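A short reminder: the numbers here are calculations on the coordinates, not readings from a lab. What you see is a predicted model; the values in this text were computed from it and never measured. Counting neighbours? That spans all protein chains shown, and the Cβs are built from the backbone with ideal geometry, glycine included.
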Amino acid sequence: MKYNYLTFAVFTATLLLAVFAHPAAGRAETCKSTAPDALGPMYKPDAPVRLNVGTGYVLTGMVKSSRDCAPIKGARVEFWLAGPDKEYDDKHRATLFSEASGAYRFESNFPPGYSGRPPHIHVRVSAAGFGTLVTQHYPKSGKTEAIFDLVLIPEQ
């Protein structure tokens, strides 16, 4: 079968239209994984399941896959932070699980800075089929809320 220039041009135009007509066609959507940070010496496993450990600062976000930005339902999200007295204690530790939409909501006091460290909240996230993420959230002075998405890397 012989192809001429017009046939080739029509074929190429059709192929390009098919690829670019749909924004995700020909490429996978990906999300940048959340940067890891230090676990720190104050981590203790098995924090109580609860949505708040104080009032005044609300942290919300989504737990998602870096592969395709899909929400991760039931991810275990652990938080620990210093209390207003700049000490770590069991009253300022919590575990919660992401919703079906991947959403989470955590409320605490605004974490104090101490020993030259800026205010921060430690976060550890685990979910079946994904590597465990250890990171920290750094609230901005004067803010009472923030959005902090937690993007996990699938296991190989």
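Given the structure, is V49 touching a residue at least 60 places away in the same chain (Cβ under 8 Å), in contact with a strand residue (DSSP E or B) (Cβ under 9 Å, 6 or more places away or on another chain) and not aromatic (F, W, Y)?
So V49 does not fit the description; no.
Any residue at all in segment 148-155 that is β-branched (V, I, T) and touching a residue at least 24 places away in the same chain (Cβ under 8 Å)?
Looking through segment 148-155, at least one residue is β-branched (V, I, T) and touching a residue at least 24 places away in the same chain (Cβ under 8 Å).
Here's the yes/no breakdown for (1) of a type in the set (A, V, I, L, M, F, W, C); (2) within 15 Å of E145 (Cβ to Cβ):
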site	(1), (2)
A35	yes, no
P45	no, no
P48	no, no
G54	no, yes
L59	yes, yes
K64	no, no
R67	no, no
A70	yes, no
K73	no, no
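Being touching a strand residue (DSSP E or B) at 6+ places or on another chain (Cβ under 7 Å) and free of Cβ contacts under 8 Å to residues at least 60 places away in the same chain is true for just one of V123, V63, V134. Which residue is that?
After ruling out the rest, the residue left standing is V123.
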